[in-house]
Amino acid sequence: MPTTAGKHRAERPPSPALGAARRLRARWRRAAARPDAGAATAELAVAMPLLLLLVMLVIQAGLWMHATHVAQSAATRAANAAAGYQSSAAAGRDAGEQTLTAIGDGVLKDPSVSVTRTATEVRAEITGTAATVVPGVRWTVRAIAVRPTERFVPDSEATP
């Protein structure tokens with residue numbers, strides 16, 4: 001004959017808390033069987049921002065190199081224009097600024113053109129900042145071109 005305690009339990013409906021506890025224990029057993037579950041998601045959450053930063057730094061370096069080439073081209077053109085026979089530093093400065101406007105408008109920020117002409121040589125210097133992809137990164141661009149000036153030098157030894 002069954003005891004009254006067993007009969008009492010059979011009549012009582014199962015507690016929802018006991019079902020939830022069983023489900024939780026079963027979930028913990030499954031998780032304990034696979035201890036590395038979810039590790040790939042955590043690794044991806046850490047690695048993806050670093051990977052994106054690395055890609056952005058590579059793009060930033062490419063923009064800096066392009067800006068350097070633009071500045072070097074403008075410095076060369078400015079030096080060549082200023083080195084011409086009976087030319088001036090102002091003509092070289094104008095040529096450098098025109099070159100920067102034509103090819104370096106988006107990639108070279110805040111450019112400055114400096115041309116110095118002496119009796120024997122011309123020195124053109126272009127400075128600026130490369131366009132920014134990575135926030136907070138400011139890479140300076142500087143290009144210098146030096147050319148001899150074209151001048152008339154009379155022959156000191158006259159040939160008879």
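Every read-out reported here was derived from the displayed coordinates using simple, explicitly stated rules and does not represent laboratory data. Model, not experiment: these values are computed from the prediction. Cβ placement follows ideal geometry from the backbone for every residue including glycine, while neighbour counts extend to all protein chains displayed.
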- Apply the Karplus parameterisation 6.51 cos²θ - 1.76 cosθ + 1.60, with θ equal to phi minus 60°, to every residue of segment 143-154 and state each ³J(HN,Hα) to the nearest whole Hz, in sequence, with x for glycine and proline. 9, 10, 10, 10, 10, x, 7, 7, 8, 8, 10, x
- Kindly write out, for segment 81-94 in residue order, the coupling ³J(HN,Hα) from the Karplus curve 6.51 cos²θ - 1.76 cosθ + 1.60 (θ = phi - 60°), rounded to whole Hz, with x marking Gly and Pro. 5, 6, 7, x, 4, 6, 8, 9, 5, 5, 5, x, 4, 4
- Rounded to whole Hz and in sequence order, give me ³J(HN,Hα) for segment 103-110 from the Karplus expression 6.51 cos²θ - 1.76 cosθ + 1.60, θ = phi - 60°, writing x for Gly and Pro. 10, x, 5, x, 9, 10, 9, 6
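Okay, helix-only estimate at 222 nm for the chain: each DSSP H run of n ≥ 4 adds -39500 (n - 2.57), divide by all residues, round to 500 deg cm²/dmol; what do you get?
Dividing the helical sum by the residues of the chain leaves -18500 deg cm²/dmol.
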- Item | Separation in nanometres of the label points that stand 7 Å from Cα toward Cβ, at THR132 and GLU150 | 4.3
- Restricting to Cα pairs under 8 Å and 6 or more apart, the percent relative contact order of the chain works out to 21
- Within segment 105-135, what residues put their amide N at less than 19 Å from the label point 7 Å along the Cα-to-Cβ vector of LEU52? 132-135
- Neighbours of ALA91 by Cβ distance under 15 Å: Lys/Arg at +1, Asp/Glu at -1, summed charge +2
- Query: Once amide H atoms are built 1.01 Å from N in the peptide plane, which residues 5 or more positions from VAL141, or in another chain, come under 5 Å H to H?
  - Reply: GLY128, THR129, ALA130
- Message: For GLU121, what residues show an amide H to amide H distance below 5 Å, using hydrogens built from the backbone and excluding near sequence neighbours?
- Response: THR149
- Query: Once both axes come from the Cα atoms, what is the angle between helix 16-33 and the longest principal axis of the chain, in degrees from 0 to 90, rounded to 10?
  - Reply: 50
- Task: Determine the sum of side-chain charges near GLY104: Lys and Arg each +1, Asp and Glu each -1, restricted to other residues whose C-beta is under 14 angstrom from that of GLY104.
- Result: 0
- Task: Sort the following peptides by mean Cβ neighbour count (other Cβ atoms within 10 Å, averaged over residues), highest first: 69-79, 91-101, 45-55.
- Result: 69-79, 91-101, 45-55
